[in-house]
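Single-structure report; data block below.
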Amino acid sequence: MWSALIDYEEAKPVRGKALDFPDALILHKAQFVADQKHQALEGFYSFDKALEAFKKAVL
């Protein structure tokens, strides 16, 4: 949760829209689960355009 909060606070707005904390949290959880299963996270779907600035997002 802390890493999601840090990424949320450091994210830059994209086209005037800021990253939503719930999207950051869901993405971190998805990455955690993929790591636990020794699989790569292949993608993450969101309507949030600011997620494009999130370095760890695979869109």
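The values are calculated or read from the model by the stated rules, or taken from the named source; none is laboratory data. Since this is a predicted model, take the numbers as computed values, not measurements. Neighbour counts run over all protein chains shown; Cβ positions are idealised from the backbone, glycine included. Ligands, DNA and RNA are stripped out before the accessible areas are found, and what is left, the full protein with its side chains, is counted by its heavy atoms. Shrake-Rupley method; radii C 1.70, N 1.55, O 1.52, S 1.80 Å.
In the list Ala50, Ala30, which residue meets the criterion of being modelled with pLDDT under 80, outside any loop (DSSP other than H, G, I, E, B) and under 10 Å from the mean Cα position of the chain (by Cα)?
Values: Ala30 fails: modelled with pLDDT under 80.
So the residue among Ala50, Ala30 that is modelled with pLDDT under 80, outside any loop (DSSP other than H, G, I, E, B) and under 10 Å from the mean Cα position of the chain (by Cα) is Ala50.
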| note | Every listed condition ((1) part of a loop (DSSP other than H, G, I, E, B); (2) at pLDDT below 75) holds for Gln39 save (2)
| note | Tyr8: passes all of (1) open to solvent by less than 60 Å² (accessible area, probe 1.4 Å); (2) at pLDDT below 80 but (1)
| field | Filtered residue count, the stretch 21-35, keeping only those that are within 13 Å of Asp7 (Cβ to Cβ) and of a type in the set (Asp, Glu) | value | 1
